[in-house]
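The values are calculated or read from the model by the stated rules, or taken from the named source; none is laboratory data. Bear in mind that the values here come from a model prediction, so they are computed numbers and not experimental data. Cβ placement follows ideal geometry from the backbone for every residue including glycine, while neighbour counts extend to all protein chains displayed.
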Amino acid sequence: MTVVTTTPIPRFEVAARQTAKSRRDVRSEPWLVRWLIIGFAVTFLTVFVVLPLMLVFSEAFAKGIGYYLQTLSDPEALAAIRLTLLTAAISVGLNLVFGVIAAWAIAKFEFRGKTFLVTLIDLPFSVSPVISGLVFVLLFGAQGFFGPWLASHGIQILFAVPAIVLATTFVTFPFVARELIPLMQEQGAQEEEAAISLGASGWQTFWRVTLPNIKWGLLYGVLLCNARAMGEFGAVSVVSGHIRGETNTMPLLVEILYNEYQMVAAFAIASLLAFLALVTLVVKTILESQIKEGRPPSDD
Amino acid sequence: MGLTLMWLSLMILIPLAGLFVKTAELSLDQFIDIITSRRTLHALKISFGLSLAAAVVNLFAGLIIVWALVRYRFPGRRIFDAIVDIPFALPTAVAGIALTSLFAQKGWLGAPLAELGIKVAFTPLGIFLAMIFIGIPFVVRTVQPVLIDLDAELEEAAACLGASRWQTLTRVIIPSLTPAILTGFALAFARAVGEYGSVIFIAGNLPNVSEIAPLLIVIRLSEFRYADATAIAVIMLIVSFLIIFLLNRLQNWAQARALTAG
């Protein structure tokens, strides 16, 4: 399908550009207005986005690269990095599996309460991360619903790793499903139906037909889910208990070091997270072009 | 199918229901006492008031940025287009300490502002700036695709019929963008209300001055006053949902109007 559709596109673009040139006078503004608008946009983005980002890296390396590496190899920093990686791996894994299943159910089947289900999936986006953390304190805390039972069985969830994983999973829940639902709806169920009628099992259909169709969208969702999982602060902060070397993730360690005026150390950890964000954005841009290519062009 | 529902209810429904069950344990008087205490009211006012103001700024700033990114060619345009997502991708704690250091009295921008007598960090103004920071991608990214797809012929027709550029903008372009603008506004607002990480560092967190509602929840939790924390959370949720609901209605109205006008 892609072979057929990609060839005429350059010609369209050339045509579009030519007409755009002749239209410019009607659809544009005087040069002064134009430069004011561009100037505003560039200044705004520089002040609010470029400068904070530059500051993170400049502060992190303020005492030289040797000191930077030394802060990062501190046992506390290493423990935080390890915990962040572990938490992200579990949460992303869970959300990957259930995101695919939820998107599959919503996109390929009709049932009652579907809109409700979609709203439910989006919910963690519209709730404050602090409130997301709070609900787990209410469930598992000493005065919580399951707290006494857990305590009598010697199970520690709150202020320990399980609560951090749960809170992270809750907050990152929507990413994978949200990305896949429109994609799967657009693709419809015909290809799967064809595979089944040709004798493929459900499992084979999923691996051979569905998964290849959604792979870029799936990667996109996983990428965003992972970025948020590693960077989540509010929800994790509420449930973690801040035990140094044990329940501190990287963002929590950033807060602690910053509040202790260990600026260079705080910004060193922060620079790792900022680097992760930059990598995420680059990969995201690449994936977006992949997704665009994989999709049939729209009618207009 | 059943598995999806089970996972959803395990992960989302039960925790949220817990919130309301916990609140129901309070008597109405207790609940009203908590939410009308001076400190709570002030925190709610700060959170909702500044979020609203920041969302309004984002609405106009976002519109200008989208216009520059979509309609004009200038050096570095693609890079600026890509970095619009940074506030969304950067972990909030990192954004928080970066903004604080930037606007602190000895910071890159804080020092020149301090000479002008403007104090940003550790004041409500700092909270306001942090809220603008986190909201900007929402307006830009919701309006951008709509502006790209906007039919050039509409503008040309308006121009041919003798409309000035300003008339075309306010009568033709802005009405078609309104639904997307409102969506972006609502998203930016909702995010700012609940935001914690990027705000608490720059806020200064003085009770009754620069304390946001999410922080008050955290403080009450650390004091083991769970009922207080829950009551504030429930009020935040209810007010947010009401505002989002109203904005949805407004958006539907704008959409219907844009359709009949087009």
Exercise for the section: Filter the range A:149-168 for residues that are without any contact (Cβ under 8 Å) to a residue 12 or more places away in the chain and within 14 Å of another protein chain (Cβ to nearest Cβ) and give the result. Expected result: A:P162
Exercise for the section: Tally the residues that are within 10 Å of another protein chain (Cβ to nearest Cβ) and β-branched (V, I, T), restricting the search to the range A:101-130. Expected result: 5
Problem - Residue in the range B:154-176 that is free of Cβ contacts under 8 Å to residues at least 12 places away in the same chain, surrounded by fewer than 14 Cβ atoms within 10 Å (Cβ to Cβ), more than 9 Å from chain A (Cβ to nearest Cβ) and at positive phi present - result: yes
Completion exercise
Of (1) at the interface with chain A (Cβ under 7 Å from one of its Cβ atoms); (2) within 24 Å of B:L215 (Cα to Cα); (3) free of Cβ contacts under 8 Å to residues at least 24 places away in the same chain; (4) under 20 Å from the mean Cα position of the chain (by Cα), B:P91 satisfies every one except (3)
Problem - Unique match (being modelled with pLDDT of 90 or more, outside any helix (DSSP H, G or I) and crowded, with 20+ Cβ neighbours inside 10 Å) among B:F185, B:F128, B:F122, B:F138 - result: B:F122
Exercise for the section: Scan the range A:169-183 and give yes if some residue there is out of contact with any Cys (no Cβ under 7 Å at 6 or more places or on another chain), over 29 Å from A:V236 (Cα atoms) and more than 10 Å from chain B (Cβ to nearest Cβ), otherwise no. Expected result: yes
Exercise for the section: Count, please, the residues in the range A:56-84 that happen to be touching a residue at least 60 places away in the same chain (Cβ under 8 Å), in a helix (DSSP H, G or I) and not acidic (D, E). Expected result: 14
Problem - From B:L221, B:L242, residue being within 11 Å of another protein chain (Cβ to nearest Cβ) and assigned to a helix (DSSP H, G or I) - result: B:L221
Practice task
Please state which of the following conditions A:L83 fails to meet, knowing it meets all the rest: (1) under 30 Å from A:L257 (Cβ atoms); (2) hydrophobic (A, V, I, L, M, F, W, C); (3) exposed (fewer than 15 other Cβ atoms within 10 Å of the Cβ).
Solution key: (3)
Exercise for the section: Please find, among B:A192, B:A180, B:A186, B:A203, the residue that is under 16 Å from A:I131 (Cβ atoms), touching a residue at least 12 places away in the same chain (Cβ under 8 Å), small (G, A, S) and more than 9 Å from chain A (Cβ to nearest Cβ). Expected result: B:A192
Handout entry: Hits in the range B:211-256 - residues which are surrounded by fewer than 18 Cβ atoms within 10 Å (Cβ to Cβ) and acidic (D, E)
Key = B:E223
Exercise for the section: Answer yes if at least one residue in the range B:130-152 is more than 24 Å from the chain's Cα centre (by Cα), at the interface with chain A (Cβ under 9 Å from one of its Cβ atoms) and in contact (Cβ under 8 Å) with a residue 12 or more places away in the chain, and no otherwise. Expected result: no
Problem - Failed criterion for A:T71 (all others in (1) surrounded by 15 or more Cβ atoms within 10 Å (Cβ to Cβ); (2) away from chain B (no Cβ under 11 Å); (3) more than 23 Å from A:F57 (Cβ to Cβ) hold) - result: (3)
Problem - Residues within the range B:191-209 that are buried (at least 24 other Cβ atoms within 10 Å of the Cβ) and outside any helix (DSSP H, G or I), tallied - result: 2
Practice task
Tell me the helices (runs of 4 or more DSSP H) entirely within the range A:136-235 that contain at least 1 residues that are touching a Ser or Thr at 6+ places or on another chain (Cβ under 6 Å) and under 21 Å from A:V100 (Cα atoms).
Solution key: A:161-172, A:190-197, A:211-231
Fill in the blank from the handout: In the range B:27-71, anything closer than 13 Å to B:S210 by Cα, small (G, A, S) and away from chain A (no Cβ under 14 Å) is listed as B:G49
Handout entry: Looking only at the range A:238-265, and only at residues there that are more than 22 Å from A:E59 (Cβ to Cβ) and crowded, with 17+ Cβ neighbours inside 10 Å, the one that is nearest to the other protein chains (Cβ to nearest Cβ)
Key = A:V238
Practice task
Would you be able to say whether some residue in the range B:12-31 is surrounded by 16 or more Cβ atoms within 10 Å (Cβ to Cβ) and not in a helix (DSSP H, G or I)?
Solution key: yes
